Every structure is written in C-alpha cells, then in structure tokens.
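The values are calculated or read from the model by the stated rules, or taken from the named source; none is laboratory data. What you see is a predicted model; the values in this text were computed from it and never measured. Neighbour counts run over all protein chains shown; Cβ positions are idealised from the backbone, glycine included. Surface accessibility is based on the protein's heavy atoms, side chains included, excluding ligands, DNA and RNA. Shrake-Rupley method; radii C 1.70, N 1.55, O 1.52, S 1.80 Å.
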Amino acid sequence: MAEAPPKKTLVLSRSLGSGRRVLDVGQVRQSFSHGRSKTVTVEVKRKRTLSSNTPSVAKELSSEDSARPLGLTDQEWEMRLRVVKEAMRDADALEERKSKEAELYALAEKNCQEDAPHSQQDAQLEGEKAREEVEALAGIPPLPSTSLPPGKGGYRSVTSKESGDEKGERKNKKSFSPVKRSIRPEADKRRTKISINAALNEQEERLRSQASLWRARRKSRLQQAQDVEQTRQVRDVVIPEAISVQELANRMAVRAAEVLKILMRLGVTTTINQTLDADTAELLVGEFGHNVRRVSESDVELGLKGEPDTATDFLPRPPVVTIMGHVDHGNTSLLDAIRRTDVALREAGGITQHIGAYQITLKDGRRITFIDTPGHAAFTEMRARGANVTDIVVLVVAADDGIKEQTVEAIHHAKAANVPIIVAINKIDKPGANADRVRQELLGHEIVVEAFGGDVLDVEVSAKTEHNLDKLAEAILMQAEILDLKSNPNRTAEGIIIESEVRQGLGPVATILVQRGRLCPGDIFVSGVVSGRVRSLLNDCRQKLTVVEPGTPAEVTGFNAAPSPGDELVVVADEARAKEIAQFRERKQRERASALKARGSVEQMFAKISSDEKLQMLSAVVKADVQGSAEAICNSLAKLSNDEVCVRILHSGIGSITESDIALARTSRAIVIGFNVRANPQAREMAQREGIELCYYSIVYDLIDAMKARLSGLLAPEQREKILGTAEIRQIFEAKKTGKIAGCIVAEGCIRRGAKVRLFREGTIAHEGYVRSLRRIREEVSEVAKGFECGMTLTDCQDIREGDIIECFEVEEIARRLA
C-alpha cells in the first residue's frame, strides 16, 4: 500500500460533545481484482482513551452547559449521552477482539505449516478446525452470522466433512449453512462494509473477487455433471425398421442435439424430424453405449393365432363339402334336392352366380356343411376359394354332356388344394345319358373311379328325381371318416371369409366358415384390413345363433367395412390390437399398390404415353351385390383387353350406386355398371343431369357380351381394297391449264372419277393418287366402262408415259369384333 501523505489539521464546526474537535486527514489507495485501484481521502478520528479515575463522560458533559445544544430537553440530552457511551464501549471491545484474533491467526498458521498438508483445501479445513479449538479454549464467543441471500457468499453447501445426521437434516430442509469465518482477517472484509481503520490497515494482498468465486462454483458443478454423465444408465433401446431422430433421442433419454452432433461427426446432415433406417439408428445407439434390440413392423402380428393345439384338444367336427362343376350341369339343383330348397329357381338366368354356405342335418343327427360355387367361367376365383377351404370336393358332371371347360378347371382346383374328389354323375334320368362315357373322359384327366379300379368314389344321381341322393350322402360321410376330421373348439375362434356384401339395415355382412374355436357375439376380430366386433350371428335360414362351432358357416355382422373374400378372420383380445393389426395391413397394401405404380425411366414413360395415345379405353365404375361378383366382373373385363382397346376400372365395390360413383364417372366420362344393384334416386337424377350412362345387368354373361360389343365399337375398322379396273395409256396430250392428259383405253372393269389410282411403270408403282378429271369425247363423265377410250388427269402427277398402267381401286371399311 502506498505511504500516506503528511497529515493535515482540520477545524470542524461545533459538534456533539465538545466545542472543537481535531481530525487527521489522509489518503488511502484501495486495490481491486484485475489490477484495478482507487485512491480515497479519509478522516481519522483520534482514539479517545478513558481511564478508571476519569469522571463519567455523561457527568462531565452534562456539567458543561455550553456543550448542550439549544432546544433539547433533559430527557433527549440524557439519551444522546447514553448512546455515545455505549458506542465508545463497543469500540473498546472491538479493539480487544481484533488483537485476540491476530494472535489466533498466528497460532493457526504455525500449526498449518507444521502439519504440511498435501493440498490447499486440506490446509484450509485444518486451519479452520484449529481456529475453532483455540476459540473454544480462549472462551471467545463466535461472531453473529449475517443473513445473506444464496449465491452472494453468505451460504455454502453442506460439505463432505459434515456428519451423516447433519447432512440428512439439511438435505430434507433443502437449506444451506452460513459460511464459516475465515482464519484470515481479510476474509471478514468481504462480508462487512469497509471502515476507515480497515482501509488504513489493509495490506497489499490481493483478494479474490466475487466473479472469481462464481466461476469456481460453476466449474465445480460442471465437473459434477460430467461425473454423472460418465455413470449414465445403460438402456435397452428398441429400434424399428424406421425411426425419427427425435424418437430415437427420447428412447435413449438424451437430447436430440447430441444425436445430431454424432450424426454430423459421421458425415450425415439431417434434422430431428427426418427418418433414419435401422442400421444407422443401431450405430447411433452403440455410440451412446446402450443395448440395441431390433424389431420389425410385422412383429405386431406375432402370436396372433395363439399357441398350436395339442392332440388332446381335438374333437370331431362336420365335414366341409364343396360342390363344383360346369355351368348348367345341375350343381345348385343337386344341393337343393339334398336341402329341400329352391335356391336355383331364385337365381337370375337359372345359373348360380353367388357362392353360398349351408349346413344340413341327416336323419341320424350327423351334419354336413356344403359350399356351393358358381359354374360360369367368370367365377374362377370363387371356385378356387371354395376348393381351398373344403375337405371334400363333389365334382358334378352331366351324364348327357360330359366333361367341359369348367369341369376341367374344377379338377385342377381340387388337385391344387390336395383334397379328395367324389364324382356325382348327374342327370342320369335324361334320355341319352351315358355314365360310362363320363368315366372314360375322366381317365384323360387322371381321375380313375372305383368301377375302373381306382380310388375315386362315383355316384349316379338325379337332382330332378332325387335318385341316389342318400348314397351320395353316405359316400361323403365315408370319406369324412377316412379323413378323421377334428378341430379344437375350446380356444379363440378362427375362420375364413366365404363372401361379403352390404345389406340395408345391417351394414357389412360376411359369410364365414369357422375352422377353429367358438365364435360368439361380442368377440373382437380382425380380418384382412378391417376389424370389428361380432354384433349378431345368423345361419343360412336367417335365424340367430348364440355360438358357432368349428365346421359351421354363419353370417356375421359388425364389420367396420366389407372384408375381402378369402381373408382370415381371427379373434383378438382387445379392440386396440385389432385396429393396430388392421392399420398395419392397410399400410402394407398401400405400399404394394404404390410400388406397382412406381415411375420408371424416361424412355418407359414416353413409350407408355405413345401407347396410350394409340390405345382406346373404356372407363367403367363397377358396383355389384356381393364382393365375389364384383371381383369376377373386374377379372372378366380385364380379359377382354388387347393391344388396341382396354377396359379401365375406375372403382369397384358393393352396394347400390351412389352420388359419389356418378361424380367419379363424370371426371373420366365413364359408364356405371350395376350388377344386381340399382342407383338411388339422387344418383339417378345426377346421372341424368350429367349425361352418365347407367348399365344394369343381372346375368354375368349378358354383361360380358355387352362390354365386348362396346369394345368392338372402339376398334379401328378393317380396310380392304377393291379393284375397280385398269387402263393402259396409249397417248399423251398437253394442255396449258391442266398439264399432261393421259389418253387411255379401259382394259378391265371400269374407271371412276375421284377414285384412288396407282400408276405402274414396268411393274413398279410410280405414283399413287386420285383421278382428278375423266372425259370421254370432250365431255366430263363419272365412269368409263371396259373397252372404251377416255382421257384422264391424275392429282399431283405430270410424269406419265405411254405404256404405263393405271389401276383404279376403292377402300372398304369393315367393322371388327372382339374374339
């Protein structure tokens, strides 16, 4: 500290206690952090010493009337004297305490130097401990603690030197203890205001600033955070096929910025909303030290069908029999004769166009489930579904007609499904029926009946006279006993969708065949991309059922949309899982559809555009009564397409024709096809206003024939040339206006004005055009017959010579039809 300049004597005005008081004046330089300093002028009050024999100050001052200010009462004057006396007594006590603190400081420093601590922190703690011991021995009371707010130096956290009880108590109270007094006198200066004596006695030692203390505390907290980060918890992170950066950070319990930092280090620039593939996500999880567990979106279907059945769970069930055969061979009539019903009479056109499932009970109580499939060529998918869900196929063949196309197709479906075949030779009562011829024709398709030494059962029946129907039932039951058909009814139900439709008042209705378990009202199920809850169960007679056993067909209501025939129906535990599985399947279906429509190369795009320009399209919206019929119609129309014309199906569905169907057809000027359905009044009115054609059909082959005729009208007509006649040029004439005129004689046929001609020279075509003018004896004529002479001029042709042959012909357009 700089040396104080010589003191000067100042005379102050009259003050309390005495008339004149002399003070010493000096300058003090204060040092701060970062090399800053400040010089201040201070006044030093001389220390007043009081001895024991000195009379009382109050008495002395009170005796001096001149020292008493004017206007003060005796009580106020006594109070002032008492305050002055207490202040002087406190100053004496403070001087005594400072002297003792200096002695304690010297003693503590000596002890610290003797012990030689290893670190500055240990030295400070041991010095404080020594100071407390000395203060306790000397009987010096501790200074009262000042209540400073947290973060200003007046509080500190509980240190590791405190006992466990004190730690727990302070932790529960969430409080801090005041900072202990430092063993250095200058440490107290930071906690109190600076006085004149303290400023004069301050040494040159530089104290630590408050900002420096804050930086030290922050560094300590960061170090503690790093220690916590090093001991971070290891987690099992589930990684799907695709995951966003934000979701991955949440699963690892880290900030997204840290994940982005690792990605940038790996050379990947992305955002928190961008999707990462599974391999990149796995690499990131490994960088953070977590465990990786890869999963797939298809895992949502794991365990859907439950545990496999054991042999002790199986119980006998009725056989499922599918009746298949060619159209008009009596398939449905044979089933009607067995069931005592008239389904065939209610079918349009007398042919089966819907797939049906029925169950009959024989006289002995045994049951048989029948599935009736259409025989028309358009219903191939229905026959394939029937063969896939059946146990036995009854192949119906007319005895007077023999093997036909759909009969062969039914044989192929049965072989593909690996199910046994029973041949029912129907119409045995008709004249000209020949059962042996049918058996002979079956040999050509590797079907050997028992009469010819094979293992295939055959029964001669008649649906009209009900001949041998009992034998057919016995043959079915015998084959079922050989197969030993069993299923587990004591589990969640599983089945197959046979057919679906939208019924007024009930909504989507599906005909199902239960294969395992029992289906009851209230069960939650998922089927393909739709889900729902069973509202009601109906049999083929529209009677309500309380439970559906394995091998039994039923009509189910409660679907949120019409399911697709052939989809599996599985009962699940809750509605949430049913919706999750349905949404996953729907998403996969959209992805497959978009993949089929994926954009190819530029060359492929231009090739498609050029082909579309040449291709004539017939756009159509198809609505049918059941899903199977709509599917069959779409497949049949697709088969009518060729390189020149095609049918584009804008939409296909089930139910009546609505206004949305008309609006869709209006955009592409398409026709609307209704198969066994009609348009509602609003849609019919809209179609009439917009000029949209509505086509109603109830028989599938009538629909196909009508669409074939429409496509035939879009075909370009076939052009054929018809030779009218030939003429030989004998002489060439020149004319100023018309140019060269060919003088000809008609050799064959006739020559017509305006007809197409070809000019042949030495056997090759020299020109092709039209007859511009035709004259005979200077008169314009329309036609010149064989053997007559004429003069003619040709369009755009002046290069004619004698001896050239002119061939006259016309082009005929012939309408084409699809095969």
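Results for (1) part of a loop (DSSP other than H, G, I, E, B); (2) free of Cβ contacts under 8 Å to residues at least 24 places away in the same chain; (3) among the hydrophobic types (A, V, I, L, M, F, W, C), shown as yes or no for each residue.
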| site | (1), (2), (3) |
| --- | --- |
| 262 | no, no, yes |
| 268 | yes, yes, yes |
| 280 | no, yes, no |
| 318 | yes, no, no |
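When segment 405-424 is filtered for residues that are more than 16 Å from residue 334 (Cβ to Cβ) and open to solvent by 10 Å² or more (accessible area, probe 1.4 Å), the ones remaining, listed by number, are 405, 408, 409, 412, 413, 415, 416, 417, 418, 419, 420. For first residues located in segment 742-759 and on the phi > 0 side of the Ramachandran plot and outside any strand (DSSP E or B), partners that are open to solvent by 10 Å² or more (accessible area, probe 1.4 Å) and modelled with pLDDT of 90 or more and lie 6+ apart or on another chain with Cβ distances below 7 Å form the pairs 754/770. Checking each residue in segment 652-663 for being over 19 Å from residue 503 (Cβ atoms) and surrounded by 17 or more Cβ atoms within 10 Å (Cβ to Cβ) picks out only 662. If only residues of segment 244-255 that are of a type in the set (Gly, Ala, Ser) and surrounded by fewer than 18 Cβ atoms within 10 Å (Cβ to Cβ) are counted, the one that is farthest from residue 233 (Cα to Cα) is 244. Taken as a whole, the condition of being of a type outside the set (A, V, I, L, M) and either within 22 Å of residue 354 (Cβ to Cβ) or touching a strand residue (DSSP E or B) at 6+ places or on another chain (Cβ under 7 Å) (or both) applies to residue 678.
Residues considered: 673, 704, 692. Of these, the only one that is within 42 Å of the chain's Cα centre (by Cα), part of a loop (DSSP other than H, G, I, E, B) and of a type in the set (A, V, I, L, M, F, W, C) is 692. Taking segment 445-467 as the range and being open to solvent by 30 Å² or more (accessible area, probe 1.4 Å) and in a loop (DSSP other than H, G, I, E, B) as the test, the residues that pass are 445, 446, 448, 453, 455, 464, 465, 466. Hey, could you check segment 779-804 for residues that are in contact with a Phe, Trp or Tyr (Cβ under 8 Å, 6 or more places away or on another chain) and not in a strand (DSSP E or B) and say which is nearest to residue 732 (Cα to Cα)? Ranking the qualifying residues of segment 779-804, first place goes to 804. Just so you know, in segment 731-741 the residues that are part of a strand (DSSP E or B) and of a type outside the set (A, V, I, L, M, F, W, C) include one that is modelled with the highest pLDDT, and it is 731.
All of (1) modelled with pLDDT of 85 or more; (2) of a type in the set (S, T, N, Q); (3) closer than 20 Å to residue 632 by Cα hold for residue 388 with one exception: (1). Residues that are basic (Lys, Arg) and under 54 Å from the mean Cα position of the chain (by Cα) were ranked within segment 799-819; the one that is least open to solvent (accessible area, probe 1.4 Å) is 816.
Of all the residues in segment 546-567, those that are under 17 Å from residue 361 (Cβ atoms) and either among the aromatic types (Phe, Trp, Tyr) or surrounded by fewer than 17 Cβ atoms within 10 Å (Cβ to Cβ) (or both) number 1. Scanning segment 607-628 finds no residues that are in a helix (DSSP H, G or I) and at pLDDT 90 or above.
Among the residues here, residue 292 does not qualify as over 30 Å from residue 579 (Cβ atoms), surrounded by 13 or more Cβ atoms within 10 Å (Cβ to Cβ) and not charged (D, E, K, R). Do we find a residue being without any contact (Cβ under 8 Å) to a residue 24 or more places away in the chain, open to solvent by 20 Å² or more (accessible area, probe 1.4 Å) and farther than 30 Å from residue 427 by Cβ anywhere in segment 513-531? Yes, segment 513-531 contains at least one residue that is without any contact (Cβ under 8 Å) to a residue 24 or more places away in the chain, open to solvent by 20 Å² or more (accessible area, probe 1.4 Å) and farther than 30 Å from residue 427 by Cβ. The set of residues from segment 765-778 being of a type outside the set (Lys, Arg) and assigned to a strand (DSSP E or B) comprises 765, 766, 767, 768, 769, 770, 771, 773, 774.
Among the residues of segment 615-637, those that are under 21 Å from residue 354 (Cβ atoms) and either open to solvent by 20 Å² or more (accessible area, probe 1.4 Å) or without any contact (Cβ under 8 Å) to a residue 12 or more places away in the chain (or both) comprise 625, 627, 631, 634, 635.
Looking only at residues of segment 686-709 that are closer than 20 Å to residue 624 by Cα and charged (D, E, K, R), we find that the one that is least open to solvent (accessible area, probe 1.4 Å) is 708.
The residues of segment 468-495 that are of a type in the set (Val, Ile, Thr) and open to solvent by 20 Å² or more (accessible area, probe 1.4 Å), listed by number, are 482, 492.
Taking the stated definitions as given, is residue 433 open to solvent by 10 Å² or more (accessible area, probe 1.4 Å), free of Cβ contacts under 8 Å to residues at least 40 places away in the same chain and in contact with a helix residue (DSSP H, G or I) (Cβ under 7 Å, 6 or more places away or on another chain)? Against the criterion (open to solvent by 10 Å² or more (accessible area, probe 1.4 Å), free of Cβ contacts under 8 Å to residues at least 40 places away in the same chain and in contact with a helix residue (DSSP H, G or I) (Cβ under 7 Å, 6 or more places away or on another chain)), residue 433 does not qualify.
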